[in-house]
1. Restricting to region 63-90, give me the number of residues that are within 30 Å of Gly51 (Cα to Cα) and of a type in the set (Asp, Glu).
2. Can you name the residue in region 1-13 that is more than 17 Å from the chain's Cα centre (by Cα) and assigned to a loop (DSSP other than H, G, I, E, B) and, of all such residues, is nearest to Met91 (Cα to Cα)?
3. When you check Cys24 against the structure, is it hydrophobic (A, V, I, L, M, F, W, C), exposed (fewer than 13 other Cβ atoms within 10 Å of the Cβ), assigned by TED's automatic domain parsing to the domain that holds Val10 and over 13 Å from the mean Cα position of the chain (by Cα), yes or no?
4. Among the listed residues Glu15, Glu43, identify the single one that is among the acidic types (Asp, Glu) and more than 20 Å from Lys81 (Cα to Cα).
5. Of everything in region 37-58, what is surrounded by 12 or more Cβ atoms within 10 Å (Cβ to Cβ) and either basic (Lys, Arg) or in contact with a Cys (Cβ under 7 Å, 6 or more places away or on another chain) (or both)? Give them in sequence order.
6. Of the residues that sit in region 60-85 and are under 21 Å from the mean Cα position of the chain (by Cα) and free of Cβ contacts under 8 Å to residues at least 24 places away in the same chain, which one is nearest to Lys37 (Cα to Cα)?
Amino acid sequence: MNRKNLLEAVMKNKEFENWSKKDCEYFLNCTLDTIKKTVKKGEDVSLIGFGTWTKVKRKARMGVNPSTGEKIKIKAKTLPKFRPGKAWKEMM
């Protein structure tokens with residue numbers, strides 16, 4: 001499911017039947033932007049029953065180039081991480 005499909009699915013929900021496509025798209029974009037900005041600042045975003053987004057630091061490490069077998073150093077970096085909530089895990 002891509003962004004377009006997600007918007008169409010949300011718009012089929014009875015609670016959003018009076019919303020225009022533009023309004024739904026604006027709401028989705030604002031929600032996703034807020035999650036990204038909050039996690040970037042180092043704060044967790046938790047939606048009970050759905051999951052939690054966090055910012056994690058990955059240490060520098062040694063790796064292997066699969067095509068040459070040469071050892072390479074992989075730099076440390078910061079990445080977003082998502083952990084699904086208990087209710088979502090149980091549903092699956």
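The values are calculated or read from the model by the stated rules, or taken from the named source; none is laboratory data. As the structure is a computational prediction, the values presented were derived from the model and not from experiment. Reconstructed Cβ throughout: ideal geometry from the backbone, glycine too, with neighbour counts over all protein chains shown.
1. So in region 63-90, the residues within 30 Å of Gly51 (Cα to Cα) come out as 74-90.
Next, from what is left, pick out any that are of a type in the set (Asp, Glu): 90.
Going through region 63-90 one residue at a time, the tally reaches 1.
2. In this case the residue turns out to be Asn13.
3. Details: hydrophobic (A, V, I, L, M, F, W, C): yes; exposed (fewer than 13 other Cβ atoms within 10 Å of the Cβ): no; assigned by TED's automatic domain parsing to the domain that holds Val10: yes; over 13 Å from the mean Cα position of the chain (by Cα): yes.
So Cys24 does not fit the description; no.
4. On the way: Glu43 fails: more than 20 Å from Lys81 (Cα to Cα).
Every option except Glu15 fails the conditions.
5. Passing the criteria: Lys55, Arg58.
6. Quick first cut of region 60-85, residues under 21 Å from the mean Cα position of the chain (by Cα) only: 76-85.
Restricting the remaining residues to those that are free of Cβ contacts under 8 Å to residues at least 24 places away in the same chain gives 76-78.
Values: Ala76: 21, Lys77: 17, Thr78: 14 Å.
Out of the qualifying residues, it is Thr78.
Condition check ((1) more than 30 Å from Met92 (Cα to Cα); (2) among the small types (Gly, Ala, Ser)) across all residues:
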{"position": "Thr38", "(1), (2)": "no, no"}
{"position": "Lys41", "(1), (2)": "yes, no"}
{"position": "Asp44", "(1), (2)": "no, no"}
{"position": "Gly51", "(1), (2)": "no, yes"}
{"position": "Arg61", "(1), (2)": "yes, no"}
{"position": "Val64", "(1), (2)": "yes, no"}
{"position": "Ser67", "(1), (2)": "yes, yes"}
{"position": "Lys73", "(1), (2)": "yes, no"}
